[in-house]
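Trainee: Dumping the structure here so I can ask a few things about it.
What follows draws every value from the coordinates through simple rules; no lab data is involved. Just so it is clear, the structure is predicted and the values come from calculations on it, not from any experiment. Positions of Cβ are generated from backbone atoms using ideal geometry, with glycine treated the same way; all protein chains shown enter the neighbour counts.
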């Protein structure tokens, strides 16, 4: 998993040029430019309805902008089927937890490995040879993630029984299982108490360091954002009003207005 | 004390990934198989084998099939009986047209045809969800029933539209009495159950459950919804088709399209829900419930008919009791008998020191 | 929880049933019926008639030849699998095993044809069942007594001819065959076609989708066809709906001829005045003025242990058909005892009884059913006996005879049966034989 | 002739379509308010009709009978809420659906146990065999009556939903359970109301179908005719049930008469479902159903 740093030979993982996105009449994004540099932690902030989630969906490729281009590793990205996004190396977590409620924490994370597995129906039915081996070998990988996220104790518990914070952690684990180059976190700390947030921050930073994963996150908690992110982009009513290091952004007048305006 | 995993440390992931990680469960399974394969054949009479156990197993297989689709992959189907019909008639026709074909091949052929049909009628599932999807399968149900009643070719032009299964030969060994019929069905069903169980705990199974639980997230981690759903339809219909072939060949020996009517489809759906969605044992428990209870009630009925109560009254009371039982079980344990069994085990695990 | 009370009360019986009971010296008669489900309406009166007759025989004659009749009822819900279960459960009961089965359903019959041959238990299927089983050389254990589907069909055409004034008058007639779209409904197709060719009338089939709750489309089609006569081959709720829709399509009921299973008050009464003048074929003569019914009233209902309400006897054709079933069962046993002595009869012995039944007028007189059914007799080769058919007309209150006993046309039917049976024989490699 | 014949088929289709709508309405009510697909609706139709006709046979005046039967249906609704729904409150919908299956068996058994399983004639005093003649087409009077009844029922229901407190409450629940609760509408009473309404609709359907087929077990099968109607109309729309019914009725009759011949007829059982399927492929939530929105 460490090897990833070498894989990322592009300084810019993603380059988004004056993207426009609108639903019917409603303009969600207006002429937004955004670069995602390899290995950084980029936070996208902004008041409610600023178009943060839309931006995330543009990045992940679920939404195709009406105007503008999205470059992934230097090439212009065409329309892709949702299930191929992950194969491109982009993983994500969801704002309101989207775990597989019927399964244990372990299985949730294992499912994340599915795209890395070979499908052979008959061998799987007999649980033989390659199929069996791949199960075991991927289980090893998953255990690494479990150790990394410190959730050994809840391996076998059905996720629906887990507390909120842990569910978020499992979901992160599932995303990590994909070994992504780009990890999108949609409000990873929403509704967490202080120490849960601290844990989560730690994990985000560790992921970034240990696996060299590039991370884009949406977050409301300014404190968190300013602490962990290398770069912050601020959206307001679909327009990018600021982009820079936390300190630069903090001092940006537009940003202050936007936030004061918002509440 | 008897049922404890304490002290059984899994030293390898291999052992932890085993089909039955807990020692006692393995023992129980072995005992159950022994019971099914040895004890029952020794003690059960032809009545029990022929008219209770064999139908029970055949329908369990159908329920297992539906459970793959509905329980694991979360796609509701009301066409299981139709897929059974396809299996039965396909197997029959193959043997009629090409008599040399051994019946096991015919069974597989039946299953495969059923799988193909299932995939076709599964296509709408890519766009339609939930109860709305049930309609697609209902369409299959009525259309296929109509097809087989209506076009004599399928019944090989038998005047009455009833097909009679040709005798079964396995390596020149005739399968004609309840006992070896029982062995045949039991082996097939056990094999399928084993296959489904493995499938459920490996990559495909997880893909199914992911689609069932949260299809958006499943897509986000790279699971192809279309392929997965269609695969589920295929496997499920295959098992249903196989069950249909068994029903025609082994259970009744003769079958008419009406034997696979909408009522049967519902019956199978009820089995898995009462037994437990998304569990192999659930299919068996549910089938047991749906098949044995009415017969049991009828036996009880026929015994107390002698008393003042009229046969007709009894017949209606049977209906009511049956319905009441379903509701009762749902209230006691909404997740089905299988879950009830699990809870029992958890209790047992703590026993005798619950705290 | 009364349910549990019932259960607990019956556990001992149940264990008995599982262990297998000790039997008294009785003729054991399994009564398989369907009282629930969409067809329960028809199943219940038939079963009641059957059981009432058996009760009457026990009460009046103390059983057959001094040996009491014992029976057990089993609910089939008109489903083959349930019937097979009943069959397997009951076939070995009684000191000598089951005497004979009457499945009361065609699909049900098929599901046990191989089994009865193995278990040596005769199967009586009156007015339904497997048609080509009339060939006793191939189906020694199956008895489609009196009339099978095909024979009945020939009688129907004869009846229509008689209305028109002779078989030659059939030429150029248009006959619509409105049938239940199922195995049962389609069965008379071939024989009707053959007759159409023979007599030169025009024939058109109109299937009705099961269960036939709404048949507007079908009858509009029939109306467009402008038939001179309509053959109604329905079952269950389809019949009365058909009669109503026919009336709406301005097709007079007098032009509609039904089959045995479209020939009950259940079909005519709900259709109200739409069914007045409707005629249908039946194995029996209408009315309850025959001795046998008086006896049932006297010995069963007056004694207060009638199975169903007494009115059924008068306003349920199917009750009377049920009595007919009882009559055949008992007569078969009686005949068998003549040969094998006064002890519980086994299936094998009863089979001989059926094959040697000789229902001549004297015998019918003695049984108190003179003219209730025609006289006919079965032979080893002919398991049907091809009894003539009575056509009944619904006058708005009751069925009344619409014809004399109309003979069936075996010249048409018999060859078809033998051909079909021969096919089965070769398929199952059965040697034709008459022991 | 053939033009008029077409008219007759067409109108006949519309009219029998309305008959299906009558049954479909019962499903819609319950699904709209609680998201439950009530499998027992057919049984409820049977039970209501049997109760009605048997009381009538006892020689009671019609209105009294009607009142009593309504009362019975209310009691049934209350019983169902107490015994079945309450213990299963906030379970998955699939579980509640299953409960209604159990309910179905129970009611079917009960209906025939309390009353009986014979066929009962139910005469509404409408002569079934009088028809208005338009050109060469017969439009049956009875069917027109049935249509009028159904139409009236829909009108009443929509008014009920729009203008009465209970009606608004039901709508509120339909839109959002939490919201409904927060404005102080107890879910339980709501359920009782819903099931009562469904019960009364079942009664009307039972009376109309009963007088058409005679009251007997088989009328519980009309439920199957209602399902494609629901699909096309959408599970949650009262007018949808009617439109759906018309489409299904028309479609199947025209198909049977004009296409049936080519494939050997009796296609009425599956054709509506194929029709529904086509509709679904175009609009997965049915013509009038609420759009299924999925947020990422």
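Trainee: Go through B:10-20, C:313-323, A:118-128 and give me the packing order, highest mean Cβ count within 10 Å leading.
Mentor: C:313-323, A:118-128, B:10-20
Trainee: Ok, one more. Can you give the convex hull volume of the alpha carbon atoms of chain D per residue, in Å³?
Mentor: Residue-normalised Cα hull volume stands at 149 Å³.
Trainee: On to the next question. Could you work out the relative contact order of chain A? I mean the mean sequence separation of Cα pairs under 8 Å and 6+ apart, divided by the number of residues, in percent.
Mentor: Contact order relative to length: 28 percent.
Trainee: If you don't mind, another one. Please report the antiparallel percentage of DSSP beta bridges with both residues in chain C, rounded to the nearest 5.
Mentor: Taking every DSSP beta bridge within chain C, about 30 percent pair in antiparallel fashion.
Trainee: Now a separate question. Could you tell me how many cubic angstrom of Cα convex hull volume the protein assembly as shown has per residue?
Mentor: So the per-residue Cα hull volume is 193 Å³.
Trainee: What is the log10 of I(q)/I(0) for chain A, computed with the Debye formula using one identical point scatterer on each Cα and no solvent, at q = 0.14, 0.16 Å⁻¹?
Mentor: Calculated log10 I(q)/I(0) at the listed q: -0.99, -1.26.
Trainee: Counting only DSSP beta bridges with both residues in the protein assembly as shown, tell me the antiparallel percent, nearest 5.
Mentor: For the protein assembly as shown, the DSSP antiparallel bridge percentage is about 50.
Trainee: Now a separate question. Give the share of C-alpha pairs in each 20 angstrom bin for chain C, from 0 to the last occupied bin, in whole percents, shortest bins first.
Mentor: P(r) over chain C, rounded to whole percents: 26, 58, 16, 0.
Trainee: Nearest 500 deg cm²/dmol is fine: what mean residue ellipticity at 222 nm does chain A get from its DSSP H runs of n ≥ 4 alone, each adding -39,500 (n - 2.57), divided by its residue count?
Mentor: -11000 deg cm²/dmol
Trainee: When C:279, D:236 are ordered from fewest to most other Cβ atoms inside 10 Å of their Cβ, what list results?
Mentor: The fewest-first ordering by Cβ neighbours comes to D:236, C:279.
Trainee: What's the angle, to the nearest 10 degrees (0 to 90), between helix C:238-248's Cα axis and the longest principal axis of chain C?
Mentor: 20
Trainee: A further question on this structure: Working from Cα positions, state the angle (0 to 90°, nearest 10) between the long axis of helix A:253-262 and the longest principal axis of chain A.
Mentor: Tilt of helix A:253-262: around 70 degrees.
Trainee: Can you tell me which of A:154-166, D:245-257, A:212-224, C:201-213 comes out highest on packing, and rank the rest after it, using the mean Cβ neighbours within 10 Å?
Mentor: Sorting A:154-166, D:245-257, A:212-224, C:201-213 by mean packing, highest first, produces D:245-257, C:201-213, A:212-224, A:154-166.
Trainee: Once the mean 1/r over all distinct Cα pairs of the range A:71-140 is inverted, what Kirkwood radius in angstroms do you read off?
Mentor: Every distinct Cα pair counted, the radius reaches 14.6 Å.
Trainee: Over all residues in C:219-226, what is the mean tally of Cβ atoms on other chains that come within 10 Å of each residue's Cβ?
Mentor: That works out to 3 on average.
Trainee: Taking the convex hull of the Cα atoms, report for the range D:42-84 its projected area averaged over all directions, in nm².
Mentor: 3.0
Trainee: So if I take the centroid of the Cα atoms in the range A:34-78 and the same for the range B:256-296, what is the distance between those two points in Å?
Mentor: Centre-to-centre distance over Cα atoms comes out at 50 Å.
Trainee: Over the range C:263-362, what is the relative contact order in percent, taking alpha-carbon pairs closer than 8 angstrom and at least six residues apart?
Mentor: Answer for the range C:263-362 is 22 percent.
Trainee: Provide B:264, B:26, C:363 in ascending order of the number of other Cβ atoms located within 10 Å of each residue's Cβ, fewest first.
Mentor: B:26, C:363, B:264
Trainee: Calculate for chain B the 222 nm mean residue ellipticity that helices alone would give, adding -39,500 (n - 2.57) per DSSP H run of length 4 or more and normalising by residue count, nearest 500 deg cm²/dmol.
Mentor: One gets -21500 deg cm²/dmol as the mean residue ellipticity at 222 nm.
Trainee: Would you mind listing how long the range A:1-107 runs along its three principal axes, going by Cα atoms, in whole Å with the largest first?
Mentor: 44, 37, 27
Trainee: Give me the angle, in degrees from 0 to 90, between the Cα long axis of helix C:410-428 and the longest principal axis of the Cα atoms of chain C, rounded to the nearest 10.
Mentor: Once rounded, the angle reads 50 degrees.
Trainee: A follow-up question, please. What average number of partner chain Cβ atoms lie no more than 10 Å from the Cβ of the residues making up B:141-149?
Mentor: Across the residues of B:141-149, the mean count of other-chain Cβ atoms within 10 Å is 6.
Trainee: Assign one of three labels to chain B, namely rounded, prolate or oblate, based on the Cα gyration tensor with a ≥ b ≥ c the square roots of its eigenvalues; rounded applies when a/c is under 1.5, prolate when it is not and a/b is larger than b/c, and oblate otherwise.
Mentor: Rounded is the answer for chain B, as its axis ratio a/c remains below 1.5.
Trainee: Let me ask another. Considering Cα pairs under 8 angstrom that are at least six residues apart, work out the relative contact order of the range B:45-350 and quote it in whole percent.
Mentor: 33
Trainee: What does the C-alpha gyration tensor say about the overall shape of the range C:107-225? Classify as rounded when a/c is under 1.5, otherwise prolate if a/b is larger than b/c, or oblate.
Mentor: Note, shape of the range C:107-225 comes out oblate.
Trainee: Which number do you get for Rg(Cα) / (2.2 N^0.38 Å) in the range D:1-108?
Mentor: Scaled against compact globular proteins, the figure is 1.38.
Trainee: When Rg is the radius of gyration of the Cα atoms in the range B:32-92 and Rh is its Kirkwood radius, what does Rg/Rh come to?
Mentor: 1.10
Trainee: How do C:77-85, A:99-107 rank on mean C-beta neighbours within 10 Å, highest first?
Mentor: Ranking, from highest mean packing down: C:77-85, A:99-107.
Trainee: If you take the alpha carbon radius of gyration of the range C:190-268 and divide it by 2.2 N^0.38 Å, what ratio comes out, to two decimals?
Mentor: This ratio for the range C:190-268 stands at 1.07.
Trainee: Given the rule -39500 (n - 2.57) for each run of at least 4 DSSP H residues, summed and divided by the residues of chain D, what is its mean residue ellipticity at 222 nm, to the nearest 500 deg cm²/dmol?
Mentor: Calculated from helices alone, the mean residue ellipticity at 222 nm is -23000 deg cm²/dmol.
Trainee: Determine, for D:166, B:38, C:256, the number of other Cβ atoms within 10 Å of each Cβ, and report the residues in order from fewest to most.
Mentor: Ranked by crowding around the Cβ, least crowded first: B:38, D:166, C:256.
Trainee: Looking only at other chains, what is the average number of their beta-carbon atoms within 10 angstrom of each beta-carbon in A:100-108?
Mentor: Rounded to a whole number, the mean comes out at 5.
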